[in-house]
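As C-alpha cells, the structure follows; a few thoughts come after it.
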Ligand code: PLP
Ligand code: COI
C-alpha cells in the first residue's frame, strides 16, 4: 500500500498509476487500453470541446476490515451513464464493458485503496466524451470512454458535521425540460458561478429551486436534497434532479427503519416544517444541513439546534457507510466484491 496520509485526504484529484480507456469507432467499441498518462490526445474539433458531448459518473471503492474490496451499486452508475450518453447522443458504453474496465482500473490501482477506518475511499471517475471532429452541430462519430481512479476524503471539509447552504433564485443549473436528470458537464458548468458566490458568502453549497416556477426545491448543489418530518422521509421527484443512487439507497434504508417515503414536489416554504434536512450523494454520503438562507428574501431556516446532525440522518449515514465498508450485513446485495 502507498505511503499516503490517508486521514487527511481532501476530495480532489490524486495522481495514481493507471487509467483505462476504450474507443468507439466505426460503430463498435474497441479493445480496453491501459494508460499511465494523465492526458488525452484529442482532435481540436472534438464535439466534447465545442458542443458539450460529455458525461461522467462517480463511485466509491472501499477496503473493509476483513481485507475485502467492495464497490457500491456500480450497475446503477453503468445504467445512468448509458442514459446520460443517450441524452446527448453519444454511444453508450455497454454494461459489460463498464464492468470489465471498472475491475481493471481497481486492480491496477489497488495500492491506492485506503485502509479501513480512515474515512477515505478510492473514487472512480468514469467519463464518456465525443472525441471525433465535427464543425456543424452534430454528434461525433467517435467516442472515448475511460475510467480514472484516485483516493479521496470527505466532499465537504466538514465531513459529517452540519453545513450551511444558500437558496439561489437568480441562476438555474438546467432548463425545465433540459438535462438536469442526466450527469452531463453542462449542468455543472451552469452551477459554478452560483456555487462560487455562495462559498464567498460563507456557505458550503447552493440549494437550487425549480427553474420553471421558482418555488420547489430541486438539487442541493452536486447532491440531492432530503428532509425528515417526524416519521417521513421527503425528497423531490423533480424531472430536473439527477436520480441519486445514494438517495435511492437511503430511501430503502429509511423504509426499513419504519419511515414513510414521500417522493414529491417540495415547496421551499416546507423547509420550516422539517426536523432534519440534508444533501446526499456518493461524494458526501449525507451532508447534514444546519442552516438554509434564502439569498433573495434573507429568510433563514435552522436545524441541528445542538450543533449535531439529527438522529435519523445519523442512523441513515452510519447504516449506509457500514454497508459500504463491510461492517453491516449487505442484505440488499449492493456491494460487488473485487477479488
Ligand atoms: N445530484 C447531482 C447534481 C450530482 O452530481 C450527484 C452526484 O453524482 C448526485 C445528485 C448524487 O448522486 P449519487 O448518489 O448517485 O452520487
Ligand atoms: C457526488 O458524488 O455526490 C457528486 O456530486 C460528485 C461531484 C464531484 C460531481
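Taking every residue in segment 190-205 that is within 22 Å of residue 159 (Cβ to Cβ) and pairing it with any residue that is within 13 Å of ligand 2 (Cβ to nearest atom) and in a helix (DSSP H, G or I), at least 6 positions away or on another chain, the pairs with Cβ-Cβ distances below 8 Å are 205/195.
For every residue, the table says whether it meets (1) more than 20 Å from residue 186 (Cα to Cα); (2) part of a helix (DSSP H, G or I); (3) out of contact with any helix residue (DSSP H, G or I) (no Cβ under 8 Å at 6 or more places or on another chain).
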{"site": "70", "(1), (2), (3)": "yes, no, no"}
{"site": "80", "(1), (2), (3)": "no, yes, no"}
{"site": "89", "(1), (2), (3)": "no, no, yes"}
{"site": "92", "(1), (2), (3)": "no, no, no"}
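A quick yes/no check of all residues on (1) in a helix (DSSP H, G or I); (2) in contact with a helix residue (DSSP H, G or I) (Cβ under 9 Å, 6 or more places away or on another chain); (3) buried (at least 16 other Cβ atoms within 10 Å of the Cβ):
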{"position": "39", "(1), (2), (3)": "no, no, no"}
{"position": "61", "(1), (2), (3)": "no, yes, yes"}
{"position": "65", "(1), (2), (3)": "no, no, no"}
{"position": "86", "(1), (2), (3)": "yes, no, no"}
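Would you check which residues across segment 221-244 are within 8 Å of ligand 1 (Cβ to nearest atom), touching a residue at least 60 places away in the same chain (Cβ under 8 Å) and either farther than 18 Å from residue 320 by Cβ or touching a strand residue (DSSP E or B) at 6+ places or on another chain (Cβ under 8 Å) (or both) and list them? Explain how you work it out, then say what you get.
The initial filter retains those residues of segment 221-244 that are within 8 Å of ligand 1 (Cβ to nearest atom), namely 221-224, 241-244.
Narrowing the set further to residues that are touching a residue at least 60 places away in the same chain (Cβ under 8 Å) leaves 222-223, 241-243.
Across segment 221-244, the qualifying residues are 222, 223, 241, 242.
If you go through segment 301-329 and keep only what is assigned to a loop (DSSP other than H, G, I, E, B) and free of Cβ contacts under 8 Å to residues at least 24 places away in the same chain, you end up with 305, 306, 328, 329.
Residues in segment 263-300 that are more than 16 Å from ligand 2 (Cβ to nearest atom), in a strand (DSSP E or B) and in contact with a helix residue (DSSP H, G or I) (Cβ under 9 Å, 6 or more places away or on another chain): how many? Here the count works out to 5. It is to be established whether one or more residues within segment 245-260 are more than 16 Å from ligand 2 (Cβ to nearest atom), in a strand (DSSP E or B), more than 24 Å from residue 300 (Cβ to Cβ) and within 23 Å of the chain's Cα centre (by Cα). Looking for residues that are more than 16 Å from ligand 2 (Cβ to nearest atom), in a strand (DSSP E or B), more than 24 Å from residue 300 (Cβ to Cβ) and within 23 Å of the chain's Cα centre (by Cα), one finds none in segment 245-260, hence no. Taking every residue in segment 52-64 that is assigned by TED's automatic domain parsing to the domain that holds residue 283 and within 30 Å of residue 139 (Cα to Cα) and pairing it with any residue that is within 8 Å of ligand 2 (Cβ to nearest atom) and not in a strand (DSSP E or B), at least 6 positions away or on another chain, yields no pair with a Cβ-Cβ distance below 7 Å.
For segment 175-240, the strands (runs of 3 or more DSSP E) that sit wholly inside it and include 1 or more residues that are buried (at least 21 other Cβ atoms within 10 Å of the Cβ) and away from ligand 2 (no atom under 16 Å from the Cβ) are 224-229, 232-235. Residues satisfying the criterion are absent from segment 95-114 (criterion: assigned to a loop (DSSP other than H, G, I, E, B) and either within 16 Å of ligand 1 (Cβ to nearest atom) or surrounded by fewer than 17 Cβ atoms within 10 Å (Cβ to Cβ) (or both)).
Residues checked against (1) at pLDDT below 95; (2) under 22 Å from residue 284 (Cα atoms); (3) more than 19 Å from the chain's Cα centre (by Cα):
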{"site": "23", "(1), (2), (3)": "no, no, yes"}
{"site": "27", "(1), (2), (3)": "no, no, yes"}
{"site": "47", "(1), (2), (3)": "no, no, yes"}
{"site": "55", "(1), (2), (3)": "no, yes, no"}
{"site": "59", "(1), (2), (3)": "no, yes, no"}
{"site": "63", "(1), (2), (3)": "no, yes, yes"}
{"site": "77", "(1), (2), (3)": "no, yes, no"}
{"site": "89", "(1), (2), (3)": "no, no, yes"}
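In the set (1) farther than 28 Å from residue 118 by Cβ; (2) out of contact with any strand residue (DSSP E or B) (no Cβ under 6 Å at 6 or more places or on another chain); (3) touching a residue at least 12 places away in the same chain (Cβ under 8 Å), the condition left unmet by residue 49 is number (3).
The values are calculated or read from the model by the stated rules, or taken from the named source; none is laboratory data. Small disclaimer: the values here were computed from a predicted structure and weren't measured. Positions of Cβ are generated from backbone atoms using ideal geometry, with glycine treated the same way; all protein chains shown enter the neighbour counts.
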